[in-house]
Amino acid sequence: MARLVLKFGGTSVADLERIRTVARHVKREVDAGHEVAVVVSAMAGKTNELVGWVREMPHVAGANAPIYDAREYDAVVASGEQITSGLLAIALQSMGVDARSWQGWQIPVRTDAAHGAARIDSIDAALLSERIAGGQVAVVAGFQGISADGRIATLGRGGSDTSAVAIAAAIGADRCDIYTDVDGVYTTDPRVASKAQRMEKIAFEEMLEMASLGAKVLQVRSVELAMVHGVRVFVRSSFDDPDAQELQTETPVGTLICDEEDIMEQQVVTGIAFSRDEAQISLRSVKDRPGVAAGVFGPLAKAGINVDMIVQIISADGATTDITFTLPEGDYDRAVGILENPDSGIEFDALNGSKDVVKVSVIGMGMRSHAGVAADAFKALSDKNINIRAITTSEIKISVLIDAAYTELAVRTLHSLYGLDAA
Ligand code: ADP
Ligand code: ASP
Ligand code: MG
């Protein structure tokens, strides 16, 4: 007998039929004698719809002002998961499985006050543990908790993964199964490169990079938590027949996220990730003086805008500099408003920018001991006439910013270059 957390994402609970299929997956594990906690997302598209409604409401204007009251945003968008948790509990009961739903505040899952992107501080899992030990399935609404001020808080988009891993850590689960619409973690998004291959295993560090660089199969924070608490995370498909014979066996198809030492043959490059949620801003001929970078990035940081890649070039006259940086696409207009505000004290000749950019990244722990990985990437992209707008590197990744129109071409080119294509 094991203690399991099973998490089902949006497409896995997209309609009532899918929820009944999920219930059969859960029942299979219960029948096998396991103690089970389930974490569910909102039905596919539901969270987007709710976010859209909030955005459409009249809100406080102004470049530096918050767009809307984030506590009320959370009250609205957390509701999607409440619905699926109740529906799945009902489906399980109808199959003779003892089950009940739990909202974040009922457990409680305690978070900080960063509404809209809250972090989990602690989970008091005593009651939940007691119930599942008694044979009742806990169906937990993912993505949500309760902040110190007693308000519903959500964990940022894709946050149900984090709920699942955090609950697995809190109840000491033997494994956290992330059921989704693909049967594991691939060398790149299989929807973009048909030659992508499923990995049997991937190291925490690499999964962390893949996730933070755009592979949305797992939320970044869930990977961090799994790494810190040593939770065994297994990514698998909810689209298999729940009663298939092979699922009764001990080794279903999927990808295990594990320690680096558990991977026998380490590749130089493990995967390619990309993020379309990027925008670029270039400030031309900024007056070069000490403190100029602080002058530009200070106000952006104050407005909660995360700047990522930064390139600063000294111009020929030595008196001015060009600064290029990237930021999330959704923050672009606000950032331009801040930089162009005459009171900002930032002097430059022109501001150019684009939202039609994408960041493509090559990830692999083997890069630590291999030279030339970056040079090969730049050559391969230039052979395809893909212009690189900005570059960043770290020990185990290389990222390039390119025009969005070349996303697929760049991903597939790099995927082939490093020998990741399926035969
Ligand atoms: P869920 O609703 O189950 O949380 P998500 O849509 O958040 O599912 O994540 C699954 C999706 O992640 C897949 O459909 C796939 O298109 C995308 N994805 C991106 N990169 C990868 C990758 N390297 N491996 C697998 N899936 C990936
Ligand atoms: N429903 C939330 C979202 O769409 C959380 C999740 O699915 O993980 O972001
Ligand atoms: Mg997800």
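The values are calculated or read from the model by the stated rules, or taken from the named source; none is laboratory data. Just so we're clear, the structure is a prediction, and the values are computed from it rather than from any experiment. Neighbour counts are summed over all protein chains in view; Cβ atoms, including those assigned to glycine, are modelled from backbone coordinates with ideal geometry.
Could you identify the single residue in Leu92, Leu127 that is surrounded by fewer than 24 Cβ atoms within 10 Å (Cβ to Cβ), over 22 Å from the mean Cα position of the chain (by Cα) and of a type in the set (A, V, I, L, M)?
Matching residue, one of Leu92, Leu127: Leu127.
Has the stretch 140-158 got at least one residue that is within 30 Å of Asp241 (Cβ to Cβ), out of contact with any Gly (no Cβ under 6 Å at 6 or more places or on another chain), more than 13 Å from ligand 2 (Cβ to nearest atom) and in a loop (DSSP other than H, G, I, E, B)?
No; the residues of the stretch 140-158 include none that is within 30 Å of Asp241 (Cβ to Cβ), out of contact with any Gly (no Cβ under 6 Å at 6 or more places or on another chain), more than 13 Å from ligand 2 (Cβ to nearest atom) and in a loop (DSSP other than H, G, I, E, B).
Considering only residues that are in contact with a Phe, Trp or Tyr (Cβ under 7 Å, 6 or more places away or on another chain) and in a helix (DSSP H, G or I), look in the stretch 368-423 and name the one that is surrounded by the fewest Cβ atoms within 10 Å (Cβ to Cβ).
Going through the qualifying residues, I end up with Thr407.
Which of the following residues is over 19 Å from Ile396 (Cβ atoms), within 16 Å of ligand 2 (Cβ to nearest atom) and modelled with pLDDT of 95 or more: Val223, Val217, Val231, Val235?
Matching residue, one of Val223, Val217, Val231, Val235: Val235.
Does Ile19 qualify as being away from ligand 2 (no atom under 16 Å from the Cβ), crowded, with 19+ Cβ neighbours inside 10 Å and either at positive phi or not polar (S, T, N, Q) (or both)?
no
Quick check on this structure: which one of Thr154, Thr84 is polar (S, T, N, Q), closer than 22 Å to Ala226 by Cα and in contact (Cβ under 8 Å) with a residue 24 or more places away in the chain? Can you show your working first?
Numbers: Thr84 fails: closer than 22 Å to Ala226 by Cα.
Of Thr154, Thr84, the one residue that is polar (S, T, N, Q), closer than 22 Å to Ala226 by Cα and in contact (Cβ under 8 Å) with a residue 24 or more places away in the chain is Thr154.
Go over the candidates Gly52, Gly10, Gly80, Gly45 one by one and state the one that is under 30 Å from Ile305 (Cα atoms), within 12 Å of ligand 1 (Cβ to nearest atom) and surrounded by fewer than 17 Cβ atoms within 10 Å (Cβ to Cβ).
None of the others qualify; the one that does is Gly45.
Could you list all residues from the stretch 192-211 that are in a strand (DSSP E or B) and either of a type outside the set (D, E, K, R) or within 16 Å of ligand 2 (Cβ to nearest atom) (or both)?
Residues satisfying the conditions are Ile202, Ala203.
Criterion first (part of a strand (DSSP E or B), at negative phi, without any contact (Cβ under 8 Å) to a residue 40 or more places away in the chain and crowded, with 16+ Cβ neighbours inside 10 Å) does Thr321 satisfy it?
Here the answer is yes, as Thr321 does meet what is asked.
If I ask for residues that are crowded, with 16+ Cβ neighbours inside 10 Å, in contact with a strand residue (DSSP E or B) (Cβ under 7 Å, 6 or more places away or on another chain) and either outside any strand (DSSP E or B) or of a type outside the set (S, T, N, Q) (or both), which ones from the stretch 279-307 would you list?
Result: Ala279, Ile281, Leu283, Val286, Asp288, Val292, Val296, Ile305, Val307.
Do any residues in the stretch 208-219 that are within 13 Å of ligand 3 (Cβ to nearest atom) have Cβ atoms under 6 Å from those of residues that are assigned to a loop (DSSP other than H, G, I, E, B) and aliphatic (A, V, I, L, M), where the two are at least six apart or on different chains, and which pairs are they?
What qualifies is Ala211/Leu218; Val217/Val185.
Of the conditions (1) within 20 Å of the chain's Cα centre (by Cα); (2) at pLDDT 95 or above, Asp331 fails just one. Which one is it?
The single condition Asp331 does not satisfy is (2).
Could you check Pro190 against (1) within 16 Å of ligand 1 (Cβ to nearest atom); (2) touching a residue at least 12 places away in the same chain (Cβ under 8 Å); (3) within 30 Å of Thr270 (Cβ to Cβ) and say which number it fails?
(2)
Would you mention how many residues in the stretch 212-268 are under 24 Å from Leu155 (Cβ atoms), assigned to a loop (DSSP other than H, G, I, E, B) and within 16 Å of ligand 1 (Cβ to nearest atom)?
Residues flagged as under 24 Å from Leu155 (Cβ atoms), assigned to a loop (DSSP other than H, G, I, E, B) and within 16 Å of ligand 1 (Cβ to nearest atom) within the stretch 212-268 amount to 9.
From the list Asp181, Asp189, exactly one residue is away from ligand 2 (no atom under 15 Å from the Cβ) and not hydrophobic (A, V, I, L, M, F, W, C). Which is it?
Of the residues listed, the single one that is away from ligand 2 (no atom under 15 Å from the Cβ) and not hydrophobic (A, V, I, L, M, F, W, C) is Asp189.
Which of the residues spanning the stretch 97-124 are outside any loop (DSSP other than H, G, I, E, B) and surrounded by fewer than 18 Cβ atoms within 10 Å (Cβ to Cβ)?
Taking the stretch 97-124 as the starting set, the residues that turn out to be outside any loop (DSSP other than H, G, I, E, B) are 99-102, 104-106, 109-111, 120-123.
Within the stretch 97-124, Arg100, Gln106, Asp121, Ser122 qualify.
Filter the stretch 157-176 for residues that are within 12 Å of ligand 1 (Cβ to nearest atom) and either under 13 Å from the mean Cα position of the chain (by Cα) or more than 17 Å from Leu208 (Cα to Cα) (or both); which is surrounded by the fewest Cβ atoms within 10 Å (Cβ to Cβ)?
Looking at residues that are within 12 Å of ligand 1 (Cβ to nearest atom) and either under 13 Å from the mean Cα position of the chain (by Cα) or more than 17 Å from Leu208 (Cα to Cα) (or both), I get Arg157.
Can you tell me which residue in the stretch 181-198 is farthest from Val220 (Cα to Cα), limited to those that are within 16 Å of ligand 3 (Cβ to nearest atom) and surrounded by 24 or more Cβ atoms within 10 Å (Cβ to Cβ)?
That would be Tyr186.
So the check is Cβ under 8 Å with 6+ separation or different chains; which pairs have a first residue in the stretch 36-51 that's farther than 15 Å from Val13 by Cα and a second one that's within 9 Å of ligand 2 (Cβ to nearest atom) and of a type in the set (Val, Ile, Thr)?
That search, which allows pairs on different chains as well, returns Leu50/Val77; Val51/Val77.
Of all residues being out of contact with any helix residue (DSSP H, G or I) (no Cβ under 8 Å at 6 or more places or on another chain) and among the aliphatic types (A, V, I, L, M) in the stretch 73-113, which is farthest from Met43 (Cα to Cα)? Just the residue, please.
Among those that are out of contact with any helix residue (DSSP H, G or I) (no Cβ under 8 Å at 6 or more places or on another chain) and among the aliphatic types (A, V, I, L, M), it is Ala113.
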